[in-house]
Amino acid sequence: MATSQPPIRLTSHKNFVYRLVFSALTGRTVHISQIRPSSPTNPGLAQHEISFLRLLEAVTNGSQMEISYTGTIIVFKPGLITGSGSGAGASSGGVIRHEIPAGCTRGVSYFLIPLCLMAPFSKAPMKVLFTGPGVITSSTPTGDMSVDSVRTAILPLFNQFGIFNNIELRVLKRSNPGPNGRGGGGEVQLVFGHQVRLPKTLHLMNAGRIKRVRGVAYSVGVSASNNARMIDTCRGVLNPLVPDTYIFSDVSSAPLVPANDRNNPSAKKKIGLGFGLSLVAESSTGCLFSADVACPPSGGQPPEDIGKQCAYQLLETISKGGCVAPAAFATMIGLMTMGSEDVGRIQVGRDIVGDESSIQLARDLVKFGAPGWGLRDASDDSGDVIISIVGRGIGNVGRKVA
Amino acid sequence: MIGKRKRDISAVSRPKKGGNREESPVAPEPSAQDKLRKFFEAQFQPLDVKARTAEDESEVEFDDDDEYDGDSQEEESGSESEWSGLEEEKENAPVEVVEYQAPSRPTGDIIDKRARKAFMTSKPPSFDIDLTTTELSKKAVDDEEDKDVESLNLKNDLALQRLLKESHLLESASDLAPTGKNRHKALDLRMQELGAKSSLYHQKNMPSSMRKGIKAKAVSKEDKRRREARENGIILEKPAPKKQISGGRRERGVGGPSIGKFAGGTLNLSKRDVAHVQASRRGGGKSRGRGKTRGRR
């Protein structure tokens with residue numbers, strides 16, 4: 001059926017992963033052109049985008065892609081989302097091993113969040129192990145959230161769509177970004193074992209009030225006192241506002257990656273030292289807001305600053321209002337769009353809807369044939385916007401037998 | 001001392017005997033208070049509270065040594081008052097005590113551990129850790145007497161609730177504890193309240209004619225009750241909404257056929273299924289979405 005339809009033509013590198021994800025979910029071929037055409041040094045697809053394409057190929061069956069010579073044009077014809085069943089990519093135990101190359105500047109959440117959006121619609125459970133010298137588990141200067149925030153602020157959202165069983169995100173090795181923000185040495189395993197035909201229709205109109213804040217302070221290869229200092233300043237800001245604030249400390253040694261030394265091939269080097277903080281606020285109605293700050297790869301920022309920054313960032317995220325944090329917007333909207341042919345509603349802060357990436361997402365969804373959003377002002381005086389979304393009703397193609 | 005004050009610490013100063021302020025940078029405050037006092041005095045009796053402004057202090061001093069003339073007094077009063085304040089402080093030495101509290105907060109280790117266990121798993125965390133239970137138990141340990149009273153109250157409360165719920169089983173008000181058959185019924189009620197699926201006395205299998213009879217009887221009884229109530233002008237509760245028989249809206253199994261029943265290696269189509277398939281083929285899109293709703297939620 002997909003073969004008869006012409007490819008969807010899109011331009012620019014923006015929103016690349018979600019375009020591919022929606023392509024895989026809807027089964028439509030995409031043709032993305034003008035990918036960084038004017039960049040003199042790095043035209044075409046970036047390293048992390050190629051890596052994501054590889055991942056997409058591993059979890060699907062029958063995907064085809066053609067990349068132009070310069071890498072500025074890609075045609076992606078999606079296959080069936082199979083997960084890590086008995087496919088070719090899965091190794092023993094049905095775990096797909098995805099290696100991220102050393103030069104990657106994006107955090108592993110760049111791969112995780114879109115993968116989680118696809119996982120409920122796969123045929124078999126999705127088990128992916130992210131390894132290699134490019135896995136950064138912390139938040140990055142490129143704007144990716146940390147793995148802890150993915151686990152504590154993104155994955156619980158699936159519960160609202162009736163997806164909750166056997167979901168795990170194991171952080172096997174932590175890593176901050178390496179020198180110049182490139183590479184890490186972390187290891188993360190995602191198990192997403194709850195596949196559904198269609199996610200439930202969501203009506204989320206009441207943001208409630210923040211009742212608790214939890215967080216994880218991590219330090220990799222540096223002193224654990226950094227954690228204590230971050231936690232202390234952060235609690236100094238948050239405790240007067242939310243007494244139920246707990247931040248847990250996680251200390252780990254620095255990961256070792258092969259040094260690529262010609263004289264000593266077995267040499268290894270430490271990489272990805274640093275520390276950071278991930279905070280999650282939960283409201284009384286189960287809405288989650290997260291904040292993430294890590295020390296910059298160049299260093300030079302005391303942990304007190306990180307703690308304070310993170311606390312303020314959390315407050316800013318909460319102040320944007322609505323029932324969904326900006327970081328979780330695409331996931332929520334994606335799941336609602338893939339839901340049954342029913343109108344779901346969600347209240348979102350005005351700034352979040354007006355954000356460039358949100359609008360880009362909306363335009364892309366329209367291109368993929370989703371009905372437009374209905375927008376109206378919230379009835380309360382919060383200034384929020386209620387988005388009504390009609391589901392596509394396609395759901396899990398792999399589950400639709402006969 | 002002033003430098004210390006600026007820091008973000010809790011400074012607790014002992015109450016000073018003399019109303020001496022070491023400085024008066026808070027000029028607008030006394031004037032506001034003055035206004036308030038004047039307003040109050042206008043409304044009620046004049047107050048004989050001594051106002052503690054800088055001018056007053058200086059006046060008191062000048063009362064003591066009144067060899068200066070009035071004009072120069074006014075001029076010097078401001079500077080004089082400041083001096084007197086500082087000197088007085090040195091003499092009487094009302095020591096300002098500064099308690100420095102580190103901003104660290106006490107942490108409950110047990111709660112911490114439990115919360116940590118719940119949060120730092122590989123699963124998406126469940127935020128629903130009850131921190132109150134441990135706190136409750138701590139309090140209970142603190143005062144034994146309260147505990148006794150509490151337990152007694154709880155017992156009474158339970159007894160009252162049971163009485164309210166099961167009183168319809170009792171024949172007379174004299175014996176409050178049900179006995180015999182009624183006791184069993186009461187136990188059954190409690191079981192149901194605790195989450196039992198159905199009553200112990202619900203007979204699962206019986207001849208259908210008997211079941212029909214029972215249902216018909218129940219319906220007629222209810223009808224009769226309602227009719228009589230209406231005739232007598234009594235307003236009854238609204239009839240309970242009829243239980244909807246779940247009309248095939250359940251989640252279909254994975255990998256199953258979307259039509260028919262797969263058993264023993266064969267796909268069995270009922271007449272209805274066949275008719276449905278044929279109707280959809282013949283009618284095109286006129287099947288009123290019957291096929292669409294199938295197996296979808």
query = For the stretch B:237-258, does any single residue satisfy the condition of being touching a strand residue (DSSP E or B) at 6+ places or on another chain (Cβ under 9 Å), at pLDDT below 85 and within 12 Å of another protein chain (Cβ to nearest Cβ)?
reply = yes
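Table: residues versus (1) outside the structural domain of A:ALA124 (by TED's automatic domain parsing); (2) buried (at least 18 other Cβ atoms within 10 Å of the Cβ); (3) under 30 Å from A:LYS269 (Cβ atoms).
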{"position": "A:THR26", "(1), (2), (3)": "no, yes, no"}
{"position": "A:HIS31", "(1), (2), (3)": "no, no, no"}
{"position": "A:ARG54", "(1), (2), (3)": "no, no, yes"}
{"position": "A:GLN64", "(1), (2), (3)": "no, no, no"}
message = Taking the conditions exactly as written (in a helix (DSSP H, G or I) and either facing another protein chain (nearest Cβ under 9 Å) or crowded, with 17+ Cβ neighbours inside 10 Å (or both)), does A:VAL216 satisfy them or not?
response = no
ask   = Pick from B:LEU154, B:LEU170, B:LEU163, B:LEU158: which is modelled with pLDDT under 80 and either away from every other protein chain (no Cβ under 14 Å) or under 24 Å from the mean Cα position of the chain (by Cα) (or both)?
value = B:LEU170
message = Can you find, within the stretch A:201-213, the residue that is nearest to the other protein chains (Cβ to nearest Cβ) among those that are farther than 15 Å from A:ALA291 by Cα and of a type in the set (A, V, I, L, M)?
response = A:LEU202
message = With within 14 Å of chain B (Cβ to nearest Cβ), in contact with a His (Cβ under 9 Å, 6 or more places away or on another chain), surrounded by fewer than 24 Cβ atoms within 10 Å (Cβ to Cβ) and modelled with pLDDT under 95 as the only criterion, which of A:GLY162, A:GLY132, A:GLY85 stands out?
response = A:GLY162
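Going by the conditions given, is A:ALA90 at pLDDT below 90 and touching a strand residue (DSSP E or B) at 6+ places or on another chain (Cβ under 9 Å)? Walk me through how you get there before you give the answer.
Values: at pLDDT below 90: yes; touching a strand residue (DSSP E or B) at 6+ places or on another chain (Cβ under 9 Å): yes.
So A:ALA90 fits the description; yes.
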ask   = Of the numbered conditions (1) in contact with a Ser or Thr (Cβ under 9 Å, 6 or more places away or on another chain); (2) modelled with pLDDT of 55 or more; (3) not in a loop (DSSP other than H, G, I, E, B), B:GLY85 satisfies every one except a single condition; which is it?
value = (2)
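Specify which of the listed residues (A:GLY193, A:GLY186) is at pLDDT 90 or above and either surrounded by 23 or more Cβ atoms within 10 Å (Cβ to Cβ) or over 24 Å from the mean Cα position of the chain (by Cα) (or both). Write out each step before concluding.
Working: A:GLY193 fails: either surrounded by 23 or more Cβ atoms within 10 Å (Cβ to Cβ) or over 24 Å from the mean Cα position of the chain (by Cα) (or both).
Going through A:GLY193, A:GLY186 in turn, the sole match is A:GLY186.
What number of residues within the stretch A:138-158 are free of Cβ contacts under 8 Å to residues at least 60 places away in the same chain and either crowded, with 24+ Cβ neighbours inside 10 Å or within 11 Å of chain B (Cβ to nearest Cβ) (or both)?
Kept after step one, since they are free of Cβ contacts under 8 Å to residues at least 60 places away in the same chain, are these residues of the stretch A:138-158: A:142-144, A:147, A:150-151, A:155.
Now restrict to residues that are either crowded, with 24+ Cβ neighbours inside 10 Å or within 11 Å of chain B (Cβ to nearest Cβ) (or both): A:144, A:147, A:150-151, A:155.
Residues meeting the conditions: 5.
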remark   = Pairing a residue in the stretch B:190-202 that is assigned to a helix (DSSP H, G or I) with any residue that is among the acidic types (Asp, Glu), where Cβ atoms lie under 9 Å and the two sit 6 or more apart in sequence or on different chains, gives B:ARG190/B:GLU166
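Here's the yes/no breakdown for (1) over 17 Å from the mean Cα position of the chain (by Cα); (2) without any contact (Cβ under 8 Å) to a residue 12 or more places away in the chain; (3) surrounded by fewer than 22 Cβ atoms within 10 Å (Cβ to Cβ); (4) in the same structural domain as A:LEU157 (by TED's automatic domain parsing):
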| residue | (1), (2), (3), (4) |
| --- | --- |
| A:THR285 | yes, no, yes, no |
| A:ALA291 | no, no, no, no |
| A:CYS295 | yes, no, no, no |
| A:GLN301 | yes, yes, yes, no |
| A:GLU304 | yes, no, yes, no |
| A:GLN313 | yes, no, yes, no |
| A:GLY334 | no, no, no, yes |
| A:VAL343 | yes, no, yes, no |
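Quickly run through the stretch A:165-189 and pick out the residues that are within 11 Å of chain B (Cβ to nearest Cβ) and either of a type outside the set (A, V, I, L, M) or more than 22 Å from A:ALA291 (Cβ to Cβ) (or both).
A:ASN165, A:ASN166, A:ILE167, A:GLU168, A:ARG170, A:LEU172, A:GLN189
Yes or no, residue by residue, for (1) at the interface with chain B (Cβ under 9 Å from one of its Cβ atoms); (2) over 29 Å from A:GLY184 (Cβ atoms); (3) assigned to a helix (DSSP H, G or I):
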{"residue": "A:PRO199", "(1), (2), (3)": "no, yes, no"}
{"residue": "A:VAL222", "(1), (2), (3)": "no, no, no"}
{"residue": "A:ALA228", "(1), (2), (3)": "no, no, yes"}
{"residue": "A:CYS234", "(1), (2), (3)": "no, no, yes"}
{"residue": "A:TYR246", "(1), (2), (3)": "yes, no, no"}
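The values are calculated or read from the model by the stated rules, or taken from the named source; none is laboratory data. No experiment lies behind these values; they were computed from the predicted model shown. Please note: Cβ atoms are built from the backbone with ideal geometry, for glycine as well, and neighbour counts cover all protein chains shown.
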